[in-house]
Amino acid sequence: MANDSKNIGSVVERYSKALLELAIENKSLDTIHNDVLKIIDILESSNDFNRVIKSPIISRDDQSLVINSILNKISASETVIKFFAVVSSNRRSFIIDRICYRFLEMEVKHKGEIRAELLSTETPSEDDLKKIEQIIKKSMGADVSLISKVDATIIGGYILNIGSVMLDGSVRSKLQGLKVSMKGIK
């Protein structure tokens, strides 16, 4: 099983690298970046779409039709539509999410940026995001690719991941810390 996951990882790597190279070659890195973000949004919000692309029972043609239809609906570029048509025809639809995430990681590395992820209970304003980006850029000395996600389970506050560093200012972690310290009092 570990060998299968290693093989899938290398397949994800090859497809992601191919998409990045296509984007660079066609000088459409920003367009493809935006398309990939839209695909990730759909994958994160639609259980039905996930079931279709991950189902071994649904035929390759049916999966291709669904993927093509959705990509056309979000006005994805021709490059992205054709790329994911190949992915689907090769029976690799079930790793589309991993291809998209890995593409974003490779793109950040290609641009020489630092990737940061902000989790909060509400969507921050554009001004707040710009300020956070500037603070990170100033302290790290590099351009920043900041992704903001909403996670109600943190109760309040924020969690900021910059590379392998996590700054956890969430209410959830504070409560967990209190719970641990209260156990020691008993």
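The values are calculated or read from the model by the stated rules, or taken from the named source; none is laboratory data. What you are looking at is a predicted structure, and each value in this text was computed from that prediction instead of being measured. Note that we place each Cβ from the backbone using ideal geometry, even for glycine, and neighbour counts take in every protein chain shown.
Side notes on the structure shown:
- Considered as a group, the residues in the range 154-173 that are under 19 Å from the mean Cα position of the chain (by Cα) and touching a residue at least 12 places away in the same chain (Cβ under 8 Å) include one that is surrounded by the fewest Cβ atoms within 10 Å (Cβ to Cβ), and that residue is Gly163.
- Just one of the listed residues (Asp48, Asp61, Asp97) is free of Cβ contacts under 8 Å to residues at least 60 places away in the same chain and either over 25 Å from Ile147 (Cα atoms) or in the same structural domain as Lys149 (by TED's automatic domain parsing) (or both), and it is Asp61.
- Single condition Gly141 does not satisfy, out of (1) more than 12 Å from the chain's Cα centre (by Cα); (2) surrounded by 15 or more Cβ atoms within 10 Å (Cβ to Cβ): (2)
- Within the range 35-62, the residues that satisfy the criterion of being part of a helix (DSSP H, G or I), closer than 17 Å to Asp97 by Cβ and out of contact with any Phe, Trp or Tyr (no Cβ under 9 Å at 6 or more places or on another chain) are Asp35, Leu37, Lys38, Asp41, Glu44, Ser45, Asn47, Asp48, Phe49, Asn50, Arg51, Val52.
- Among the candidates Ile132, Ile67, residue that is closer than 18 Å to Asn34 by Cβ and either surrounded by 12 or more Cβ atoms within 10 Å (Cβ to Cβ) or touching an Asp or Glu at 6+ places or on another chain (Cβ under 9 Å) (or both): Ile67
- All conditions but one from (1) under 20 Å from Asn26 (Cβ atoms); (2) in contact with a helix residue (DSSP H, G or I) (Cβ under 9 Å, 6 or more places away or on another chain) apply to Glu78; the one that does not is (2).
- The number of residues in the range 87-106 being of a type in the set (A, V, I, L, M) and touching a His at 6+ places or on another chain (Cβ under 9 Å) comes to 1.
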